[in-house]
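Data first, discussion second: the structure below is written as C-alpha cells.
The values are calculated or read from the model by the stated rules, or taken from the named source; none is laboratory data. None of the values given here were measured: they were computed from a predicted structure. FYI the Cβ positions are ideal-geometry reconstructions off the backbone, even for glycines, and counts take in every protein chain you see. Ligands, DNA and RNA are stripped out before the accessible areas are found, and what is left, the full protein with its side chains, is counted by its heavy atoms. Shrake-Rupley method; radii C 1.70, N 1.55, O 1.52, S 1.80 Å.
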Amino acid sequence: MGLVQLQRQLVDYRTSLYDEGFLDEQFTQLQELQDENNPDFVVEVVSLFFEDSERLLNELSKALEQQIIDFKRMDARVHQLKGSSSSIGAQRVRQLCIVFRNYCEAQNREGCQKCLQQVKHEYSIVKTKLESMFQLEQQILNAGGSIPV
Amino acid sequence: MNWFINGEFKDPKAGLLGDSGDKMWFKCWDEISNLSFKIHHQYYQFIGSKKVCKSWWRKLLFSWIIGWTLASVSIFCYMSSLATEKRKETLSSMCDERARMLQDQFNVSMNHIQAMSILISTFHHGKTPSAIDQETFARYTEQTAFERPLTSGVAYAVRVLHSEREQFERQQGWTIKRMYTLEPSRIQEEYAPVIFAQDIVSHVVSLDMLSGKEDRENVLIARRSGKGVLTAPFRLLKTNRLGVILTFAVYKRDLPSNATPNERIQATDGYLGGVFDIESLVEKLLHQLSSKQTILVNVFDTSNQSYPISMYGSNASNDGLEHVSHLNFGDPFRKHEMRCRFKQKPPWPWVAITTSIFILVIALLVGHIFHATVNRIAKVEDDCHKMMELKKQAEAADIAKSQFLATVSHEIRTPMNGVLGMLDMLMDTNLDVTQLDYVRTAQASGKALVALINEVLDQAKIESGKLELEEVQFDLRAVLDDVLSLFSGKSQDKGVELAVYISDRVPEMLIGDPGRFRQIITNLMGNSIKFTEKGHILVTVHLVEEVIDSIEVETEASSKNTLSGFPVADRRQSWKGFRTFGQEEPVHPFSDSINLIVSVEDTGLGIPSEAQPRVFTPFMQVDPSISRTHGGTGIGLSISKCLVGLMNGEIGFVSIPKIGSTFTFTAVFASCSSSSKEYKSQQINSQSNTVSSEFHGMRALVMDPRPVRAKVSRYHIQRLGIHVEVISDWKQGLSIINKGDSAIHMVLIEQEVWDRDLNCSDLFINKLEKIGHGTPPKVLLLSNSVNSSSGNVTTGACDLSIVSKPLRASMLAASLQRAMGIGSKGNPRNGELPSMSLRNLLLGRKILIVDDNNVNLKVAAGALKKYGADVVSATRGSEAIDLLTPPHQFDACFMDIQMPEMDGFEATRRIRDMEHNINNRIQFGELSVDAYNNVSNWHVPILAMTADVIQATHEQCQRCGMDGYVSKPFEAEQLYREVLRFFQ
C-alpha cells in the first residue's frame, strides 16, 4: 500500500472516530501536546488510560459481585474513569460514566450492573479503534512518512 | 331590658351608694382608664409576642362586660337614691311648713282666748256689779269670732264653792247641772258651772265642768299651772267632728310668775274654755296652701306614746315615705305631731334608668368592637401564618428553580468551553484580518452565551444581595466596541444600522466594573436588536453634566434628524424621572467621580403601554408569545436595573409603539487619573491601541448629509488619530480638496450618498484623480450592507474599499489598512498573545501537579510542559504535602480537588498551616532563614484544577487558602490569566 494511501486512510479513520462520537476535541488537544520533545506523548497517555481503565473496570466488576456494595467507593472509581476518559477525549465512555455515577448515587445495583456492561463494551470498542489507529500511524512511520495533522 | 330594670330595684346596695356617689365616679373613671391602659398594653404585647392568648382575651371581655354591668347598676342606684332624697326633702319641707302654720294659727286663737280671760277677770270679776252678762258675752264673742278662726265656740265657767252654791243658783236662776245627764249636780266641794257661752255653744250654760271627767282634769290642770290646757281629742257633741277643748284659768288677782300651784288654786275665779274643731281647722289650712293634692296630712295626739290618737286625716296606711313634724300648742302636758305622706307612689326614675342603660349599651358596643378586633387580629395572624407557609413553599420552589438553573448552566458551560477553546486555537492559526474578525466575533458571541448563563446565576445572586462590583481600570470605548462586534452579525443580517457614540468629554480610562457595565449595555442592545427590524440602534454615552448643560443634545432629537432617518422616541423623556436631574447640583460631590449617562435608542416595535409598568420585573415579557418568537429569558432588564442601582445610577425608558424605545441609564464611575489607588488593570483586547498610531496625523473627509450619523463616523475615525471634516455634498468636498492646504488622505462616503446619484459619484472620483497634489485621497464607502463588506467591490466604474458598519476601531483600522496598503503583515496577531505569553511566563518554572488520575496527570503535565514548564507529578495529597514542605523549589502547584484519602482542599489547608508555622518560627528566630533558601515568607501559589467551575467551589477554594482555580482541561486564556497573577 502506498504511503499516501495510508495517510489518507488514517485521516479518514480519524475523522470517522470524531464523527461517530468516539472521540472529541480533547483528543485533538492531546495530539497538539505531542511535539519533537515528546514524540510518543499520545500513545503514552492512551496506554496509561488503558491500564488505568482496565484496573478500574476490574475493581468495579468485583465490587458489584459483592453482597454488600460500597457505592461510595464505586462512585469514586467511576469518577476516576470519567476523569481519565474525558482527558483523552473518549467521550462515549465519559457520558456513560455520568449515567453510571447517577446510578451509584441512587444506589441502584441493577442500573450499575447494566452500566458497567455498557462501559466495558464502549471501552473495548474505543480501545480497538485507538489501537488500530496507532497501528496505522506506526505503519506510516515505518514507511518513512509523517503523520498528517 | 326588663330583667335589668327589675333587677335594679331589688338591688340591696342601692341605699349604700348615696353618700359615696362622687367617690364612686372617680373610682369608675380610674377603672376605665386603667382598663383601657391594660388593653393597650395587652394589645402591644399581643402584637409583639404574636403568641395569641385567646382565653385571656375572652376573660378580659367577660370581665369588661360584667364590670360595666355593675357600674351601670350602681349608677342607677346612685341616681335613684338622689331622687328619693330630693323627694324626702320636699316632703319634709312641705310638712314642716304645714305644721308651723297650723301651730301659728292655733297660737293666735289661743292668745285670743287668753285675752278674753283677762277681759272676763277685768269686767266680770273686777267690777261690781258685773259688766258682762250672758247676752253681752255672746254678742262679743260672736263679733270677735273671726279673730279665733280655729275655735268653734267659747264658754266661761265660774268657780263656785259648795258654800256659795245656793246663793249662786238663786242669783242665776238655775241649778247647776251635771254634764251628759243634765241632772242637778250632786253635792260637791266645788263646782264650775258655765255662765257665759257663745251662742253656738249656749247649750253648755249651767253645766258643771267639773262633772265631766276630761273637763275636770283639764280645769284642775289649768288652774294649777296657769297655762292653756288641751283635752284629748274627742267627738264634739253637735257636729260629731273631732275637736279639743282649751281651758284657761281666770285668777282674782295678778299672780307672780313663780306662784305655787296652791296659791294659783286659791286665786282662781273661773275657767274659760274654747272648743277647737281640729278637723275643719286643718282642712281650712290645707285649702290655703298649694299642692295640697300631692300630700296626705295626718295629725295625731301622741301624749300617750303607745296609743296615738288621730285628730285629723284618714288612716289609709302607706308604707312609703313619711315625715313627722312636731306641733307645739302651748300645752306642756300634751304632745301633738303631724305626719305627712305623698299621695302618689314615687314615679319611675326614668333619668337614672336611661343613663345607666345608655352607659351599658356603650360598654357593650365597645366590648363588641374589642371582640371583633381580637377576632380580626387572630384571623389576620392566621392568614399571615398561612402566607408565611406559602412564602416558604414558594421560596423553596424558587431555590429549586435556581438549583436547576445552576445545574443546567453548568452542563451548558462545559461544551461551551470546548467551543471557546477551539476558537482560541483557531486564532492561533494564520488568519487574515477578516477571518480574524469573524473568529473574534464568534468567540465574543460564545463568551456572551457563557455570560448569559452567568446572568441566570447572577439573578439568583442579586436576589440574595450577594453581588458585589469590581473596581478595575477599563477602557469604556473598547468595551463598547466589543459589545458592538457582538451584535454586528445580527444587525447586518437584519439590515439594522448599529452605532456607538461616546462624547469626547468621557475620559479614556475609568474605574469600575467593566463586566457589569458591559452586561447592562448588552442587555439593552440585545433587547433593541431583538425587536428592531429596520432603522437603527444608537448607543450614546455622555457625561451627565454635559447632557444637562448642552442644548446640542436636545436639538438633535427632532424626529427627522436621526441616525437612519426613522423617527425615534425622544430620549429626554426617558430620564425625566431621574433624581440626578432633579437636584440643584447634579455633579457628584466627589471630584473624581464620573457620572455617565448612556442611552440606547432603537426604532423597533416599542413596548405596548400596558406592558410598560412591568418592564423591569423579572421574567416578565410583553406577552408569552414573545419568548417563542424572539427568545430570551426576560430577566435581562431586571438584572440591568439592579446593576445600575449598584453603580449608583438610575434606569428609565420611553417607548412609543411602532416607533421605538429609548432606554437611558446613569452610572457613577471613578476617574482613574486622580485616584492614587493601584487598580489591577483588566486585560482587554484593546485593538484600538495597537493600530491607532499608524494613522496619526492623517486627514479625512466624511461625506454625509445626516448630522447624527456623521457625528458617529467622525467619532470613530477620530479615535484612530485622524483629523476629520464633515461635509454634506460633492461640491463642498471637491472645494475642500482643491484648496489643498493640507493633504486629504481619505474620503469616506456614506453609501446612501453614493447610491443616490451614481453619475455624480463617478464624476467625483474622476475629478479626484485629476487633482495633482501628490497621491489622490483614497475613497472609501461606509456601508451597512453585509454583501459588500467582504472587500473591494466594483461600484459603478471604479474600485472602492468598503468599510462595513457598525463602525468600531479595530474593523475601521483594518479596512483602512487594507485600503491604504499599510502594515497589514507586520501587525502582531492578537490570538498569539496568550500562548506566547504563557510560554514566556511558564518557561523554566517548576510546577507541581497533583492528581489521583494518572491520565489526567499526564495530560495536564503535557500541556504545561508544552509551555516550557518543569513539571513534577504527584498522585496523592500527602505526597504533595511532603514535596511542598519548605524549603522547596516549586513555583506553583496545580491541585485536583477530588482525590481519595485527602482531597485538594484538605491538602491545601495543611500546606498553608505548615507554611504559616514555618513563617512564624522564622520570624521569631527559631529557625534560620538560610536553611530556607533565604525565603522568610513561604507561600506557594496553589491553583485548584476542577471540572466544576461553579461559584461554591470557587469560594471554597479561597476559603481554604487556594489562590485561584483553572478548569480542566486547560483553557489557554484562563490559564494565562490565573498564572499571570503570580509570575510577573
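At-a-glance table
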| item | result |
| --- | --- |
| Potential lengthening between B:GLN167 and B:PHE333 on full extension [0.36 nm per residue; Cα-Cα distance subtracted] | 56.2 nm |
| Nitroxide proxy distance, nm - points 7 Å out along Cα→Cβ at B:LEU426 and B:LEU469 | 3.5 nm |
| Accessible area of the stretch B:121-250 divided out per residue, in Å², using a probe of 1.4 angstrom | 52 Å² |
| Rounded percent of accessible protein surface that carbon and sulfur make up, the stretch B:332-441, 1.4 Å probe | 69 percent |
| Modelled label reach - B:LYS534, point 7 Å along Cα→Cβ, the stretch B:489-514 residues with backbone N closer than 13 Å | B:495-497 |
| Minimum 50 Å² accessible area buried by the other protein chains, the stretch B:862-877 residues, probe 1.4 Å, relative to alone | B:LYS866 |
| Label point distance in nm, B:GLU214-B:ASN648, each placed 7 Å from Cα along Cα→Cβ | 12.2 nm |
| Solvent-accessible area lost in complex, 50 Å² minimum, residues of the stretch A:4-30 relative to chain alone, 1.4 Å | A:GLU25, A:GLN29 |
| Of B:LYS284/B:LYS345; B:LYS490/B:LYS530; B:LYS127/B:LYS227; B:LYS534/B:LYS641, those spanning more than 21 Å from alpha-carbon to alpha-carbon | B:LYS284/B:LYS345; B:LYS127/B:LYS227; B:LYS534/B:LYS641 |
| Label-reachable residues, the stretch B:140-165, where backbone N falls under 15 Å from a point 7 Å from B:ASN111's Cα toward its Cβ | B:147-150 |
| Under the Karplus curve 6.51 cos²θ - 1.76 cosθ + 1.60, θ = phi - 60°, whole-Hz ³J(HN,Hα) for the stretch B:884-896, x wherever Gly or Pro sits | 8, 6, x, x, 8, 10, 6, 8, 6, 9, 9, 10, 6 |
| Sites B:THR354 and B:MET101 - FRET efficiency at Förster radius 30 Å, r taken between beta-carbons, to 0.05 | 0.20 |
| ³J(HN,Hα), Karplus 6.51/-1.76/1.60, whole Hz, each residue of the stretch A:59-75, x for Gly, Pro | 4, 5, 4, 4, 4, 6, 7, 5, 5, 9, 9, 8, 5, 5, 5, 4, 4 |
| Amide N of the stretch A:70-101 lying under 11 Å from the label point, which is placed 7 angstrom from the Cα of A:GLN107 along Cα→Cβ | A:70-72 |
| Ranked packing of B:727-737, B:384-394, B:186-196, A:79-89, most packed first, by mean Cβ within 10 Å | A:79-89, B:186-196, B:727-737, B:384-394 |
| Karplus 3J(HN,Hα) series, Hz, for the stretch A:120-130 with 6.51 cos²θ - 1.76 cosθ + 1.60 (x for Gly, Pro) | 4, 4, 4, 4, 5, 4, 5, 5, 4, 4, 5 |
| At least 10 Å² accessible surface lost relative to isolated chain, residues of the stretch A:61-85 (1.4 Å probe) | A:HIS79, A:GLN80, A:GLY83, A:SER84 |
| For the pair B and A, total buried accessible area rounded to nearest 100 Å², probe 1.4 Å | 1700 Å² |
| Listed peptides B:411-419, B:639-647, B:910-918 by packing density, highest first (mean Cβ within 10 Å) | B:639-647, B:910-918, B:411-419 |
| Under-16-angstrom lysine pairs by C-alpha in the stretch A:40-135, whenever the two are 8 or more apart or on separate chains | 7 |
| Pairwise FRET efficiency - B:GLU508 versus B:ARG756, Cβ, R0 = 30 Å, nearest 0.05 | 0.20 |
| Estimated FRET transfer efficiency (B:ASP383, B:PHE62; beta-carbon r; R0 25 Å; 0.05) | 0.40 |
| The stretch B:222-268-the stretch A:1-33 distance, computed between alpha-carbon centres (Å) | 168 Å |
| Cut-off under 5 Å, modelled amide H: who pairs with B:LEU327 long-range | B:HIS336, B:GLU337, B:MET338 |
| Within the accessible area of the stretch B:138-186 (1.4 Å probe), percent carbon and sulfur | 50 percent |
